[in-house]
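Working notes, beginning with the structure itself.
The values are calculated or read from the model by the stated rules, or taken from the named source; none is laboratory data. Note that the structure is predicted; figures quoted are calculated from it, not measured. Here the Cβ is made from the backbone with ideal geometry for all residues, glycine too, and neighbour counts use every protein chain on show.
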Amino acid sequence: MPNLTPLPFDERAQVSRAAPPPPPGAAADQEEVAVVGERTFAQRDAECRKRAIDLEAETPRKRGRGAAAALEERVVSARSVCTAAVDKRAWELAQPALQEYMAEKIDEATLKQRKAEAREKATAEHAQLTELERASAEYTEAVSARTKAEAAEDAAEAKLEVVLRGLERGQPGPSGVKAE
């Protein structure tokens, strides 16, 4: 058993950078390993990042439900702000018709018609609401088209898988073993 006595406090162990002696019975003419190249940490890091997957990034096709819900919430909020402005303008436009109704110059049916016309005109005058509705409709249409395209892609992939399985059945695989 080796002697494991601790070193005195002020004495330090000696470390040698020389290669250890060859084990007994080893050939003296063994080849040494030669370093032919070296990569820096930055080079190794760059190489690893080339094949890395960014889990934080959202691709347009893989947009999550949370992002879609947040976008829809923003649209509803913007509509609410625009609707308040449209309501205010419709009220201003309907005032003369309301005064005529109260003075019994027009009947209730005419008042309802003028009220609807005032709302329609106020909505048409509000450019931001018109632009919001157009952009929202385009987005909804694009989402619908993407959903249909994804369904078509899934169906085509399933059909291709069936065809490939049929062709591959009984054929030797890469290892030379036949699939059954």
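On the basis of being surrounded by fewer than 13 Cβ atoms within 10 Å (Cβ to Cβ) and at pLDDT below 90, does Ala103 make the cut? Quick ask: steps written out before the conclusion?
Values: surrounded by fewer than 13 Cβ atoms within 10 Å (Cβ to Cβ): yes; at pLDDT below 90: no.
No.
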Within region 81-116, residues without any contact (Cβ under 8 Å) to a residue 12 or more places away in the chain and touching a helix residue (DSSP H, G or I) at 6+ places or on another chain (Cβ under 6 Å) come out as Tyr101, Ile106
Among the residues of region 113-152, the number that are exposed (fewer than 13 other Cβ atoms within 10 Å of the Cβ), among the basic types (Lys, Arg) and under 24 Å from Arg89 (Cα atoms) is 1
Those residues of region 95-123 that are under 39 Å from the mean Cα position of the chain (by Cα) and either among the β-branched types (Val, Ile, Thr) or closer than 19 Å to Ser80 by Cβ (or both) come to a total of 2
By residue number, the members of region 35-63 that are at pLDDT 70 or above, in a loop (DSSP other than H, G, I, E, B) and small (Gly, Ala, Ser) are Gly37, Ala52
Of the listed residues (Ala109, Ala84, Ala97), the one being in a helix (DSSP H, G or I) and within 30 Å of Ala68 (Cβ to Cβ) is Ala84
Checked against (1) outside any loop (DSSP other than H, G, I, E, B); (2) of a type in the set (Phe, Trp, Tyr); (3) at pLDDT below 90, Phe9 satisfies every condition except (1)
